[in-house]
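Below: one structure, written as structure tokens.
Just so you know, all these numbers are worked out from the coordinates, no wet-lab data involved. On a predicted model such as this, the values are computed, not experimentally measured, just so you know. Cβ: placed from backbone, ideal geometry, glycine included. Neighbour counts: every protein chain shown.
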Protein chains: 4
Amino acid sequence: MVNKFEKDYLVVAQNASGRNMNVPLYRFKGSKPGPKVYIQSSIHGAEVQGNVVIYHLINTLKTTPICGEVTLVPNCNPVGTNIKAGEYTLGRFDPINGTNWNRGYYFDEALVERFVDTVDDEEPLEKVKSRFRKVLKQKIDEKLQETWGLGLAQQLNLKLQQLAFDADIVIDLHNGPVSTRHIYVPEYAKDSAKLFNIPHVILIPNTFAGALDEATFCHWWTLQNLLRAKRNSDINVDVEAFTLEMGSQEVISFDEGRYDADSILCYLGAKNCLESNTYFPKSMRRVAVTLDNYKILYTRQGGIVDYLAAPGDQVKKGQALARVLNVDELENDRASQVIEAPCDLIPILHFPSASVLSGTQLYKCFTDYFELTE
Amino acid sequence: MVNKFEKDYLVVAQNASGRNMNVPLYRFKGSKPGPKVYIQSSIHGAEVQGNVVIYHLINTLKTTPICGEVTLVPNCNPVGTNIKAGEYTLGRFDPINGTNWNRGYYFDEALVERFVDTVDDEEPLEKVKSRFRKVLKQKIDEKLQETWGLGLAQQLNLKLQQLAFDADIVIDLHNGPVSTRHIYVPEYAKDSAKLFNIPHVILIPNTFAGALDEATFCHWWTLQNLLRAKRNSDINVDVEAFTLEMGSQEVISFDEGRYDADSILCYLGAKNCLESNTYFPKSMRRVAVTLDNYKILYTRQGGIVDYLAAPGDQVKKGQALARVLNVDELENDRASQVIEAPCDLIPILHFPSASVLSGTQLYKCFTDYFELTE
Amino acid sequence: MVNKFEKDYLVVAQNASGRNMNVPLYRFKGSKPGPKVYIQSSIHGAEVQGNVVIYHLINTLKTTPICGEVTLVPNCNPVGTNIKAGEYTLGRFDPINGTNWNRGYYFDEALVERFVDTVDDEEPLEKVKSRFRKVLKQKIDEKLQETWGLGLAQQLNLKLQQLAFDADIVIDLHNGPVSTRHIYVPEYAKDSAKLFNIPHVILIPNTFAGALDEATFCHWWTLQNLLRAKRNSDINVDVEAFTLEMGSQEVISFDEGRYDADSILCYLGAKNCLESNTYFPKSMRRVAVTLDNYKILYTRQGGIVDYLAAPGDQVKKGQALARVLNVDELENDRASQVIEAPCDLIPILHFPSASVLSGTQLYKCFTDYFELTE
Amino acid sequence: MVNKFEKDYLVVAQNASGRNMNVPLYRFKGSKPGPKVYIQSSIHGAEVQGNVVIYHLINTLKTTPICGEVTLVPNCNPVGTNIKAGEYTLGRFDPINGTNWNRGYYFDEALVERFVDTVDDEEPLEKVKSRFRKVLKQKIDEKLQETWGLGLAQQLNLKLQQLAFDADIVIDLHNGPVSTRHIYVPEYAKDSAKLFNIPHVILIPNTFAGALDEATFCHWWTLQNLLRAKRNSDINVDVEAFTLEMGSQEVISFDEGRYDADSILCYLGAKNCLESNTYFPKSMRRVAVTLDNYKILYTRQGGIVDYLAAPGDQVKKGQALARVLNVDELENDRASQVIEAPCDLIPILHFPSASVLSGTQLYKCFTDYFELTE
């Protein structure tokens, strides 16, 4: 191989048979220095397409010399991948207690503040970053060693976060229910959105809600802000983290996976991870929203739904999004009811089953979206 | 309305809150005599498209004069429809004990034999049929009254069977997992297969496996055979029963529903259920198999599957059906494995999730199929 | 009846068949004025014993004259009660998205602050309380009317909260997995803990985590604090809210229910809800902890567990709590492993299944507990 | 060790991560000849107590010289053990398709008939048995190699059956839902029932319903019958198979496990499996039923159940078995309803959850039972 290659396994859990459950780690090291990249997939067990993307990335990295290091972690949640209920995979939350597998990462603003107190004006940024990584990873170590233990999802998340926190670039590969491609980008890294071949962009603030991308960039963003204030200079920590949502859960496609692998390689190329870059982002219309304009439309009624608007469509206010059948009223006017768009919007994803109760997340939609200029 | 219309509810169960769970019944009666038709949908809770078909049938029957009677029973399994596990519907079996909701109907060959002993050579066929219905429905009544009770799925099935056994035409509306249109037809009614607009036909023998169509035609077919032997004449009881599989579970489409409603109306028109028929089956290629040539292909390995062959495709022996990803071997030759067609076949349906264990029903396929001539 | 009695139903959801799901309301009104009491049960669907307690309370209130009003809401979560997965009830969270059914109530500290700004020094406390109720219920109304809708659990919670917020006394009846009796009491109402016949008491601070008791007392406690500060006087809003955990989920006992109904009547008697009180709390040892000393012990290993310490036992540091079997090592020293108490403690509840993964909530325990003096 | 000991693993499945799932095998071989014994546990994933019994058996066999061979297979269904849905284990059926994990073993009466045709009058019984084993195991091999594959449960069952069919004694360790000890015994081995310390005995006929004990004894019983007829002599094939139900699912107890291990050792001792037997069955009352008198009582109503009769109780006709609460009628006569015993009976097990729908298996009962004389 053109890069150094290592393969390893990380034990993340034990099942009820007392057996270790592990996660494969694939690591490529270039002969030249460069950013450290961490990419994982399938923290939600039914969102499996990321594994195909990693398969294609590995194939590319066998023959493409890199600068720095790329760690690839497919199938990072062996518990979630393997809980079937009916034919589908109960992969979004721990089937025992309902805990979302993507909400137990660690962020501690106070720790960043205390850390910045230990930084003097002379300490070089690289040393600051290296010390910061050490402090945070030690803190996670302590949590993992707590006398009373930790919940399974949190253990899993923290073990992965320890790997991810070494990286300068963190990419978490997800899928939506029935979904079109979209990406979560921290506002400070907005320009990077145009380096991927993804038409829908959600810009997120420096607020932690438990996910890996946030657990990464909230620490670094907060550090950067405090250092800038302290040193009164335009310091840039140069760490970015993204959640990529590459279409629908419960399906894979080797062909689509090639598209998304190339999209990631465009970004990595632009970030100087490749010795000689041949991947360049497509020219395409990219629309973005701020997180508060990425809205969930819930059903008011229960029933059986025909999803009329496809993910990615541009829908006008008042236009039909869905039509709900009511089996008790098939002979009269209430047999079916149309759910209309409450404003101009782009549906990004919809619920994957026709059968819904009241209060179901029917659609997630871009509202007040705007075009990202190239 | 041009026909007499009645609406009713059948109580089929009580839930854990002690509340009745009921099934809506819609009944149209024409002013002229004719066959009795019974159509139900969604005995498997995730197979919801039949409800849309019944919606369209009701709309048509509001303005189309019929001969005889049509009973429409959408959403006939209110338990199965409402068991969610994750976003999907756990609708194929009772979540408590695994009992398939479509295997508890009643067939008793010995009862038919005893009944035929009571038929003398003079009794007119219509009277024989009417007595047979009475005897069978009384037997089901007794079962429903058993001192020790009955399991929920069987209770549900028997209550529906009592309605269905009055009919001359029974149609049970289903969907496959990810599926193309196909229909189960008893061999003796093979000619009727061409009256529907359904390209794939499974011909089934006089063997009972628990489903509603079988519970209907096995009784009548056995009766007909015994009467023919007894009277040495070519008696025809003129009862037909079908299971229609109209595409995939977990989705509905009002447009596709119109197609299938029209297909059923073609059959009903040909069977003299409409006063003035305007529905005629399409000219199309129809291929058929005998039940023993409708084969299940199981996975040997677990993994993540890209379904390469779409339901309805003609696939040659050795051609790739699916490609399975193995996340532990992404860097070597075992990263993906192709599953090939063991013979020439048409995949009719495939498993609805990419994630499979070993021993999963990957595809159900037509093998040794032949064309039905028009 | 000696009290006025009304019965009603509250529609809280619609199921996938499009049918309303409702909750029964039983209301007793005394002829004399007095506190308003609200008692609900089974917000977690597998915690059904509270329904039996309400059954006994209703029997008592038929013949026991009350002051004020008592509203009883059994089986308040018809969705959670009816989701079976295997023989058990998947009742603690929404099976679709993992949302805990007891975390979507509403608390808004800023709203209390804004409200207190509208209170002048002359306004009598009863009028303040009445206006506060109106403001909060209107706010909840607005949330329930939001254009984009609300999730099912939150809708359910808010509809119940609107009923509960009228009350001066709110009691939410729960069960633990395998559990002994315990009660959550807000610190300011610590004295009331001794009015119930419950030996284990958890004292909780003015911190909102989503549950009904908190959504009640956090609003009132905050209001009281702000009013005290504003008026510089020892104002008492006289609203209390409790979560009672009455033993194990998945079982009921009419006999045990009588005990808990009497326990609640002791409290109500002491709070002047009964015209002539004949219910007095038992003399018993009551031990209490602050919430931060109510600790979860998680498993480190997966395996099959023999729970050696029973809920309610006093366990010494180092004593065996559980013994875990490892089926892969049955012939050697690692066949079984003892989990020891990390400090002196009382186990209050344990996980209800022998089969555990790593990171399972094995026990919840009182540590640093103290006796409540009578 | 006093016996030769081997440990091995059998791969029985691959999970959705593509990883092998295996079953541990523990084998003891004595220095003297004797019967071959096969004992497995936990084919139903929530029935885990058998693993503890095997743990104790292993401890005993380390120091107790045996004649022949004992194979112990704990946790024989690694899929079923590890499917959690809520806190409990969805272990009785494949969560994907509802297939009972204990119904896919193989029995083929015709194969036995064809085999007996190959036996001449001179062939010694031991050679007949050895050839029979070979023929059957080869047949199972062929099934496992079928071009189109096999379902997961059947694959698992057949792989275990190949191990078990070598044995002269097969014991399958199960638990009931909430249950007292009972044992399934083939009628021809009725005398062996008294060799275990189990008070409730179900005598089963030579009828195959899919379970391991049946798949074992139906083959041998049929062979014996055919050989007896053919040779007109009282041939005894000396193979016995039992299903032991050792109390309730979802719990383990090391203490209770010792009791059941000793009970099995009593039987093994009597069957000359131990060099020097020190285990003798207790003197106790043992009651038995024929299979058709082991009856299921189903609920007519849904609701919340207080199980009044405990497993093992002697209940008279008309006596209360259970009391069902109806939350919609708490103020009137229909608040609770008593379910009475339809005849004199002993409840052996009951449903493990208070929440039941109509048509739930409430109790399984011995009726028309009789005492086994010692």
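Taking other C-beta atoms within 10 angstrom as a stand-in for reagent exposure, C:ARG286, C:ARG133, B:ARG231 fall in the order B:ARG231, C:ARG133, C:ARG286, fewest first. Plainly put, the tip 7 Å out from Cα toward Cβ on B:SER31 is 6.5, 9.4, 10.0 nm from that tip on each other copy, the closest given first.
Return the calculated 222 nm mean residue ellipticity for chain D, to the nearest 500 deg cm²/dmol, obtained by summing -39500 (n - 2.57) across DSSP H runs with n ≥ 4 and dividing by the residue count.
On the way: 6 runs with 94 residues, N = 374.
Rounded to the nearest 500, the figure is -8500 deg cm²/dmol.
In terms of Cα atoms, the Rg and Dmax of segment B:46-155 work out to 19.0, 60 Å. Its alpha carbons considered, segment B:236-366 gives a radius of gyration followed by a Dmax of 19.5, 68 Å.
Site pair D:THR290 and C:ASP234 shows an inter-label distance of 8.2 nm when each label is modelled 7 Å from Cα along Cα→Cβ.
Given that compact globular proteins tend to follow 2.2 N^0.38 Å, what is the ratio of the alpha-carbon Rg of segment B:277-345 to that value? Intermediate results must be reported in sequence, preceding the final value.
Numbers: Rg = 17.4 Å, N = 69, 2.2 N^0.38 = 11.0 Å.
With N residues counted in segment B:277-345, Rg over 2.2 N^0.38 Å equals 1.58.
For segment B:334-340, putting each phi into the Karplus relation 6.51 cos²θ - 1.76 cosθ + 1.60 with θ = phi - 60° gives couplings of 8, 4, 9, 9, 9, 9, 9 Hz, in residue order, rounded to whole numbers and with x for Gly and Pro.
Counting, for every residue in A:99-110, the Cβ atoms of other protein chains within 10 Å of its Cβ and taking the mean gives 1.
Value of Rg to Rh for segment B:27-110, rounded to two decimals, is 1.10; Kirkwood radius and Rg both from alpha-carbon coordinates. Helix C:49-61 and the long axis of chain C differ in direction by around 40°, with both axes built from C-alpha atoms.
What's the FRET efficiency of A:GLU146 with C:THR207 using the Cβ-Cβ distance as r and R₀ = 22 Å, to the nearest 0.05?
Values: r = 21 Å, r/R0 = 0.97.
After rounding, the FRET efficiency stands at 0.55.
How much of the pair distance distribution for segment A:179-221 lies past 15 Å, counting alpha-carbon pairs only, in percent? Don't skip to the answer; put the middle values down first.
Details: 366 of 903 pairs.
Here the long-distance tail beyond 15 Å is 41 percent of all Cα pairs in segment A:179-221.
In plain terms, the residue of A:SER283, A:SER358, A:SER179 with the fewest other Cβ atoms within 10 Å comes first and the most crowded comes last, giving A:SER283, A:SER179, A:SER358. For A:ILE43, the residues 5 or more places off, or on other chains, whose built amide H falls under 5 Å of its own are A:CYS76.
Between segment D:187-215 and segment C:332-354, the C-alpha centres lie 37 angstrom from each other. Working ranking of peptides A:30-37, C:295-302 by packing, defined as the average number of other Cβ atoms within 10 Å per residue, highest first, is C:295-302, A:30-37. Each residue, B:LYS32 and B:ARG300, gets one label point 7 Å from its Cα in the Cβ direction; the gap between the two is 6.1 nm.
Here the protein assembly as shown was treated as a single set of alpha-carbon atoms; its pair distances binned every 20 Å from 0 give 9, 33, 39, 18, 2, 0 percent. For the rotational copies D and B, the chain D residue with its Cβ nearest the relating axis, together with that separation in Å, is D:GLY98, 2.
Based on alpha-carbon atoms, the Kirkwood radius and the radius of gyration of segment B:136-228 give Rg/Rh equal to 1.01. Counted over the protein assembly as shown, the DSSP beta bridges are approximately 65% antiparallel.
Scattering from segment B:216-268 was approximated by placing one identical point on each alpha carbon and applying the Debye formula without solvent; log10 I(q)/I(0) at 0.13, 0.18, 0.19, 0.32 1/Å stands at -0.53, -0.71, -0.74, -1.19. Quote the Stokes-Einstein diffusion coefficient, in whole µm² s⁻¹, for segment D:188-312, based on the Kirkwood radius over alpha carbon pairs, a temperature of 20 °C and a viscosity of 1.002 mPa s. Stokes-Einstein gives a translational diffusion coefficient of 123 µm²/s. Annotation for A:GLN145, label-to-label distances across the other copies: 5.6, 5.7, 7.4 nm (shortest first, one decimal, point 7 Å from Cα along Cα→Cβ).
With distances taken between every two different alpha-carbon atoms, segment C:314-373 has a Kirkwood hydrodynamic radius of 13.1 Å. Ordering B:LEU150, B:THR367, B:LEU291 by Cα displacement along the dipole of chain B toward the positive end leaves B:LEU150 in first place; charges were set at the Cβ atoms of Lys, Arg (+1) and Asp, Glu (-1).
Net charge of the neighbourhood of A:ARG300, taken over other residues with C-beta under 13 Å away and scored Lys/Arg +1, Asp/Glu -1, is -2.
Between segment B:240-281 and segment B:58-72, the C-alpha centres lie 13 angstrom from each other. Distance from the alpha carbon centroid of segment C:103-151 to that of segment B:138-154 works out to 55 angstrom. Working from Cα positions, state the angle (0 to 90°, nearest 10) between the long axis of helix C:125-144 and the longest principal axis of chain C. For helix C:125-144, the angle is close to 60 degrees. Take each residue in C:41-50, count the other chain C-beta atoms within 10 Å of its C-beta, and the mean is 3. Phi angles across segment A:242-258 convert, under the Karplus curve 6.51 cos²θ - 1.76 cosθ + 1.60 with θ = phi - 60°, into 3J(HN,Hα) values of 9, 10, 9, 10, 10, x, 8, 6, 6, 9, 10, 8, 5, 5, 4, x, 4 Hz, Gly and Pro given as x.
Under 23 Å of direct C-alpha separation, and excluding same-chain neighbours fewer than eight residues apart, A:LYS316 reaches these lysines: A:LYS295, A:LYS364. Among the DSSP beta bridges whose two residues both lie in chain C, what percent are antiparallel, rounded to the nearest 5? In chain C, approximately 65 percent of DSSP beta bridges are antiparallel ones. By the equivalent-ellipsoid construction on the alpha carbon gyration tensor, segment A:266-311 comes out with semi-axes of 40, 14, 10 Å, ordered largest to smallest. Positive contributions from Lys and Arg (+1) and negative ones from Asp and Glu (-1), summed over other residues with Cβ under 9 Å from the Cβ of B:ASP344, come out at +1.
Residue by residue along B:339-348, Cβ atoms of other protein chains within 10 Å of the local Cβ number 1 on average.
How large is Rg/Rh for chain B, to two decimals, with Cα atoms and a Kirkwood Rh? List each step's numbers first, then the result.
Values: Rg = 21.8 Å, Rh = 22.0 Å.
Over the Cα atoms of chain B, Rg/Rh equals 0.99.
Taking a sphere under 12 Å around the Cβ of B:HIS44 and counting the other residues whose Cβ falls inside, with K and R at +1 and D and E at -1, yields a net charge of -4. In this structure, the amide hydrogen of B:LEU372, modeled 1.01 Å from its nitrogen in the peptide plane, lies closer than 5 angstrom to those of B:ARG286, B:VAL287, B:ALA288, counting only residues at least 5 positions away or on a different chain. A:ARG114 to A:ASP166: FRET efficiency via 1/(1 + (r/R0)^6), r the Cβ-Cβ distance, R0 25 Å, to the nearest 0.05? Efficiency at R0 = 25 Å is approximately 0.75.
Counting lysine pairs in segment B:49-153 that sit 8 or more residues apart in sequence, or on different chains, and whose Cα atoms lie under 26 Å apart gives 7. Taking other Cβ within 10 Å of each residue's Cβ, how do B:ASP117, D:ASP328 sort, fewest first? Arranged by neighbour count, lowest to highest, B:ASP117, D:ASP328 become B:ASP117, D:ASP328. Copy-to-copy label distances for D:GLU126, where each label lies 7 Å from Cα along Cα-to-Cβ, are 7.6, 8.0, 9.9 nm in order of increasing length.
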